[in-house]
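For reference, the structure discussed in these notes is given below.
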Amino acid sequence: MKKISFISIILAGIVLSSCNSDKTLQLNRKNVDKVLAAMTLEEKVHLLIGTGMAGFGGDSAVVGETKNLVPGAAGTTYPIPRLGIPAIVLADGPAGLRIAPKREDDSATYYCTAFPIATMLSSTWNTKLVENVGEAMGNEVLEYGVDVLLGPGMNIHRNPLCGRNFEYYSEDPVISGKMAAAITRGVQSNGVGVSLKHFAANNQETNRMENDVRISQRALREIYLKGFEIAVREAQPRTVMTSYNRINGVYSSESKELLTAVLRDEWGFNGAVMTDWFGGKNAPAQVAAGNDMLQPGTRQQYDAILAAVNDGTLDIADIDRNVKRILNLIVQSPRFKNYQFGNKPDLKAHALITRNSANEGIVLLENNGALPFNENIKTVAAYGITSYDFISGGTGSGDVNEAYTVSLKDALAAAGYKLNCELSTLYENHIAAENEKNKPDPNNRFAMFMPKIRAAELLPDEKQLAKTVAESDIALITIGRNSGEFADRTLADFSLTTTEHQLIENVAAAYHAANKQVVVVLNIGGVIETASWKTLPDAVLLAWQPGQEGGNSVVDILSGKINPSGKLPMTFPVNYMDVASSVNFPFDYTAPKMPVIFPADNAKKEPVKNVDYTNYEEDIYVGYRYFSTFDAAVSYPFGYGLSYTEFEYSNPKISGKNGNYKIYIDVKNIGQVAGKEIVELYVAAPAKTMKKPAKELKAFAKTKLLAPNETQRITLELTPSLLASFNESTAQWLVEQGDYTAQIAASAADVRQTVNFSVASEIVAGKAGNVKF
């Protein structure tokens, strides 16, 4: 007998459904309940599990008719034509839409804009700017026919070596939540949806499918859930994506406490929840927990859900509830509304947006008079392979298929600077030879997700260096780092290589001997070690991974066209082991050469610390909360960043009572050039019944562009929900009675003014009921 595949059955079902479609009942916004009642159990289960992914997971439930709706998209929902239920399209990612740039038998191109990575956007501390980025990003989602963008990512930077930190905003939940809310509002203003991810506590890539996060209720609530809460309450994302990991033994996608009690009942989320691709193990448990959609969908999940309904272990009411949420998502989508997308977003306008947003996210770390370039700088010697092979963003689902990336070399030339040609040729020939040697394996289906093997750094010899010093006015050294999905960074990646360190030493010594200056540019996706070398050059500029216009953005700062106004959304430690989570992170783990998509069942294996489970022993003391509380030295503090001008803070005032306060401060530009300043509000709280960090960020604001001698009055607000700490014994958010100090600061280590206030009696800002993870 001829064997009939599951895919054939599905496709036949679609055709049959199309032929026998019920024209009297077609889905619309007002009849979701009627359509739900008309669906068969099989149709409902199909809608819960997506349409599969070819080549992954064996029995993937692939619907061939949907995979080409938008080639290169991550997935789709299941179509049911007889009821007027279309497939909607889901696509990555956090730094811009990720789809295939070229299509078979099609001469057109479908490039998308590579915007700055999330870490860089948070370095702007400018929510309005980030919302504008979201608007442009969402326009591309709309015009390329995608319905849900799988981002933003907003997990906490618990450790600087997390491979996906570049997709996330900060070590602090307030700035993470505010930035995610801003970009969500921007994207969704186009009528498309986002998916906040990865919910929750997804803070390492090592064994990410199986890792068990062992964490206190308080740390989970205050640090790892708070940002999601802010984004959900302020922006109402259409979807939330669960994380792969377990939390205290339970997979996030199978946790009713997380997905129903907290996300929906406490926070008021009214959208749909989906898994990360192939996340979780128990499909019926995911459905029961409130994980509405299992992506990308497999035959095993389909069979398991049907079997659970039939044997009574899964309530049909849970299925109906989840299906209704997916139907509500579908009726909001552009595809359901028959939006006629044109595949022609304004990429030129969006390139300008990415350039301007990167300008505000670049952080000036050191400056001994080298920046901005003075009028005598005409010829620049560009050292470092990354000056010529600039990194626009990270890899994996956070990558974007952009049309181009502007290198520093090209940007300097476009701005009128002359490059040392002999040095440029030396580097470009070296890079070409290295790239030929490091070509990816064409048979590796994971190649698109893996970080590119970059050329080894080049160290010019003494003769070449002397010649270049004589022929150039200033030296520019670019240090590059990439990161991405599937693997965490290593200690070697955190530190400069011997060659990189020697390059900075040699170039600095040679140029200083000739009374010339040296600038280092960091084109990196995450924190690196800086303490051992940062005093060698005359300036250090942190450019992050600034998107496709990155070279132009950096040169805008170098030339003085733009005054840098970015500040760090995380701490740069002196040494890696100074980080509170370092001993509870797999920094010394040797990852497999190939990504592990489907881990083996390790139930009988002895669990390995920091791989199979990770103890969050640092508790609430993440990032600056640790360094400030325990007075530990850092290389650069949280919130730090220099400018080409200076600002004065004066006339602080406070008004309000009962946990609701407004704090006012005058910020004056006392320098010689126009600039923007970021004002950070930290609160030092009493620790009567609970331990507290020395300070916590509660609010922030960025001034407009202030002319010299111009002053702006800034208002910062505090609420009980921002001031409260989570009391585990009572399961309440409490603002303790006592005296508080509001610190108005330029960084966590640079407090400019303070105001004091008192809370007369304890305030209950929220209750968690009996929810416990």
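The values are calculated or read from the model by the stated rules, or taken from the named source; none is laboratory data. Note that the coordinates shown come from a computational prediction; the quantities given were computed from them, not determined experimentally. Using ideal geometry, Cβ is built from the backbone for each residue, glycine included, and neighbour counts are taken over all protein chains shown. Accessible surface is based on the protein model in full, side chains and every heavy atom, while ligands, DNA and RNA are left aside. Shrake-Rupley method; radii C 1.70, N 1.55, O 1.52, S 1.80 Å.
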- Would you please name the residue that is farthest from Ser123 (Cα to Cα), looking only at residues in the range 673-688 that are in a loop (DSSP other than H, G, I, E, B) and touching a Leu at 6+ places or on another chain (Cβ under 6 Å)? Ala674
- Which is farther than 19 Å from Ser483 by Cα and in a loop (DSSP other than H, G, I, E, B), of Leu568, Leu541, Leu536? Leu536
- Query: Is there a residue in the range 755-762 that is in contact with a Leu (Cβ under 7 Å, 6 or more places away or on another chain), modelled with pLDDT of 95 or more and open to solvent by 70 Å² or more (accessible area, probe 1.4 Å)?
  - Reply: yes
- Message: Condition first: part of a helix (DSSP H, G or I) and closer than 19 Å to Ala543 by Cα. Now tell me which residues in the range 473-499 satisfy that.
- Response: Asp493, Phe494
- For Arg264, all conditions in the list (1) farther than 26 Å from Gly52 by Cα; (2) in contact with a strand residue (DSSP E or B) (Cβ under 7 Å, 6 or more places away or on another chain) hold save one; what is the number of the exception? (2)
- Message: Can you say whether Gly297 is open to solvent by less than 20 Å² (accessible area, probe 1.4 Å) and on the phi > 0 side of the Ramachandran plot, as far as the supplied structure shows?
- Response: yes
- Picked from the range 62-107 (must be part of a loop (DSSP other than H, G, I, E, B), over 28 Å from the mean Cα position of the chain (by Cα) and without any contact (Cβ under 8 Å) to a residue 40 or more places away in the chain), the residue surrounded by the most Cβ atoms within 10 Å (Cβ to Cβ) is Glu104
- Task: Answer yes if at least one residue in the range 251-261 is under 18 Å from Glu43 (Cα atoms) and in contact with a Leu (Cβ under 8 Å, 6 or more places away or on another chain), and no otherwise.
- Result: no
- Can you spot a residue in the range 295-303 that is of a type in the set (Ser, Thr, Tyr) and in a strand (DSSP E or B)? yes
- Taking the range 247-290 as the region of interest, how many residues are open to solvent by 30 Å² or more (accessible area, probe 1.4 Å) and under 23 Å from Asn203 (Cα atoms)? 8
- Going through the range 444-472 in order, the residues found to be open to solvent by 40 Å² or more (accessible area, probe 1.4 Å), at pLDDT 85 or above and in a helix (DSSP H, G or I) are Glu462, Lys463, Ala466, Lys467, Ala470, Glu471
- Which one of these does Ile223 not meet: (1) among the hydrophobic types (A, V, I, L, M, F, W, C); (2) touching a Leu at 6+ places or on another chain (Cβ under 9 Å); (3) open to solvent by less than 10 Å² (accessible area, probe 1.4 Å)? (2)
- Task: Please identify the pairs in which a residue from the range 721-744 that is on the phi > 0 side of the Ramachandran plot has its Cβ atom under 9 Å from the Cβ atom of a residue that is of a type in the set (Val, Ile, Thr) and at pLDDT 95 or above, counting only partners at least 6 apart or on another chain.
- Result: Gly738/Val759
- Among (1) surrounded by fewer than 20 Cβ atoms within 10 Å (Cβ to Cβ); (2) farther than 28 Å from Phe647 by Cβ, Glu710 falls short only on (2)
- Within the range 626-672, restricting to residues that are outside any strand (DSSP E or B) and among the polar types (S, T, N, Q), the one that is farthest from Ala765 (Cα to Cα) is Gln672
- Item | Selection within the range 127-151 - under 27 Å from Thr703 (Cα atoms) and either touching a Phe, Trp or Tyr at 6+ places or on another chain (Cβ under 7 Å) or touching a residue at least 60 places away in the same chain (Cβ under 8 Å) (or both) | Leu129, Val130, Asn132, Val133, Ala136, Met137
- Kindly indicate whether any position in the range 433-443 is under 23 Å from Thr109 (Cα atoms) and open to solvent by 60 Å² or more (accessible area, probe 1.4 Å). yes
- Message: Suppose the filter is open to solvent by less than 60 Å² (accessible area, probe 1.4 Å) and under 27 Å from Trp733 (Cβ atoms); does Val683 pass it?
- Response: yes
- Unmet requirement for Gln502, which otherwise passes all of (1) open to solvent by less than 10 Å² (accessible area, probe 1.4 Å); (2) in a helix (DSSP H, G or I): (1)
- Residues within the range 388-407 that are part of a loop (DSSP other than H, G, I, E, B) and touching a Gly at 6+ places or on another chain (Cβ under 8 Å), tallied: 13
- Item | Hits in the range 530-556 (condition: among the hydrophobic types (A, V, I, L, M, F, W, C), under 24 Å from His157 (Cα atoms) and open to solvent by 10 Å² or more (accessible area, probe 1.4 Å)) | Ala531
- Query: Across the range 506-529, what is the total count of residues that are open to solvent by 20 Å² or more (accessible area, probe 1.4 Å), among the aliphatic types (A, V, I, L, M) and not in a helix (DSSP H, G or I)?
  - Reply: 1
- Within the group Gly394, Gly369, Gly416, which residue is touching a helix residue (DSSP H, G or I) at 6+ places or on another chain (Cβ under 7 Å) and either within 27 Å of Tyr640 (Cβ to Cβ) or free of Cβ contacts under 8 Å to residues at least 40 places away in the same chain (or both)? Gly394
- Task: Scan the range 557-602 for residues that are at pLDDT below 95, among the aliphatic types (A, V, I, L, M) and open to solvent by less than 50 Å² (accessible area, probe 1.4 Å) and jot them down.
- Result: Ala591, Ile597
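Table: residues versus (1) assigned to a loop (DSSP other than H, G, I, E, B); (2) open to solvent by less than 10 Å² (accessible area, probe 1.4 Å).
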residue: Lys348; (1), (2): no, no
residue: Ile353; (1), (2): no, no
residue: Ser357; (1), (2): no, yes
residue: Gly369; (1), (2): yes, no
residue: Thr386; (1), (2): no, yes
residue: Lys409; (1), (2): no, no
residue: Ala413; (1), (2): no, no
residue: Gly416; (1), (2): yes, no
residue: Leu423; (1), (2): no, yes
- Note on the structure: Filtering strands (runs of 3 or more DSSP E) wholly in the range 689-773 for at least 3 residues that are within 20 Å of Tyr621 (Cα to Cα) gives 696-702, 725-727, 732-735, 738-747
